[in-house]
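First comes the structure, then the notes that go with it.
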């Protein structure tokens, strides 16, 4: 279970910052690239994450229905526009998440499919959703030849070397 709203907010800020590393590594020509026709582009994924955080998860934990606007380029265009949309949605969401009490985290909320669950579980689902798409974004960046900072400070090769040195 999530311990309390302040610890969740700190965790969530850090989690989002790891996702934003991909956006910061992109060139303008990467934004609307997709690995195959019909797949989400980088821009689609960032707009999707922003919109779901703000207009689904943040609304649902307040007892309101989802107003998710989709992920189209009409919501935000260009690297600067997508970054501004992502940052704005995140800031608004943090304000709403910050109003949650420990009792609120235990109370049920209803997701768009109509399922009722503890609010903390819905927030955990949001974090899992973000991690899922972060993996896509890192893979897509690799396919574009973009280098993104390692998630937790070391590349796999650096971790293996450090592990060998200590054993």
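Throughout, read-outs are computed from the coordinates displayed, never taken from laboratory work. Just so it is clear, the structure is predicted and the values come from calculations on it, not from any experiment. Virtual Cβ from ideal backbone geometry, glycine too; neighbours counted across all protein chains shown.
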- Query: Which value, in nm² and rounded to one decimal, describes the direction-averaged projected area of the C-alpha convex hull of segment 56-120?
  - Reply: 4.7 nm²
- Starting from the Cα of residue 143, move 7 Å in the Cα-to-Cβ direction to define the label point; list residues of segment 1-43 whose amide nitrogen is under 17 Å from there. 22-23, 26-27, 29-43
- Cβ-Cβ FRET estimate between residue 157 and residue 124, R0 fixed at 30 Å, reported to 0.05: 0.45
- Query: Taking segment 5-166 on its own, what percent of its Cα-Cα pair distances exceed 23 Å?
  - Reply: 43 percent
- Measure out, as a whole number of angstrom, how far apart the alpha-carbon centroids of segment 111-128 and segment 1-55 sit. 18 Å
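Roughly speaking, what is the stretch gain from residue 39 to residue 96, that is 0.36 nm per residue apart minus the C-alpha to C-alpha distance, in nm to one decimal?
Numbers: separation 57, 0.36 × 57 = 20.52 nm, distance 3.13 nm.
Additional length available on full extension: 17.4 nm.
Based solely on its DSSP helices, what 222 nm [θ] is calculated for the chain when runs of n ≥ 4 H residues each add -39,500 (n - 2.57) and the sum is averaged over all residues, nearest 500 deg cm²/dmol? All intermediate terms of the calculation are to be shown ahead of the outcome.
Numbers: 6 runs with 94 residues, N = 167.
Per the formula, -18500 deg cm²/dmol.
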- Task: Obtain the nm distance between the two label points defined at residue 67 and residue 4 by a simple spin-label model: each point lies 7 Å from its Cα along the Cα-to-C-beta direction.
- Result: 3.1 nm
